[in-house]
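Student: Structure incoming, see below.
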Amino acid sequence: MYSSLIDDAGRTITCPRCEQPQPMRDFATLGMSPRYAQLLDPIYRCKQCNHLFAPRQQMSAASAAA
Ligand SMILES: [Zn+2]
């Protein structure tokens, strides 16, 4: 059971398909306009299985980034 796909402490993201935790830097963020970034959820592509997913943004992460 994961409470979050994103592990800020470990700097990893767990792919919801292959369930492999991988370093954040290994995920490509697709087509994010910087101008509207605050209004968008980033979409990630897993390098291992090519699954596309958008982790639900957590309030703490969102306010920390703002
Ligand atoms: Zn995957």
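Student: Under 8 Å by Cβ, and 6 or more places apart or on different chains, what pairs join a residue from region 4-26 that is farther than 14 Å from Tyr44 by Cβ with one that is within 15 Å of the ligand (Cβ to nearest atom)?
Tutor: Pairs found: Gly10/Pro21.
Student: Tally the residues that are within 16 Å of the ligand (Cβ to nearest atom), farther than 16 Å from Asp7 by Cα and touching a residue at least 24 places away in the same chain (Cβ under 8 Å), restricting the search to region 30-58.
Tutor: 4
Student: Moving to a separate point now. Only residues that are surrounded by fewer than 10 Cβ atoms within 10 Å (Cβ to Cβ) and modelled with pLDDT of 85 or more: list them for region 35-66, please.
Tutor: Those that are surrounded by fewer than 10 Cβ atoms within 10 Å (Cβ to Cβ) and modelled with pLDDT of 85 or more: Arg35, Tyr36, Leu39.
The values are calculated or read from the model by the stated rules, or taken from the named source; none is laboratory data. From a predicted model like this one, the values you see are computed outputs, not experimental measurements. Cβ coordinates were reconstructed from backbone atoms using ideal geometry, including for glycine residues, and neighbour counts include every protein chain displayed.
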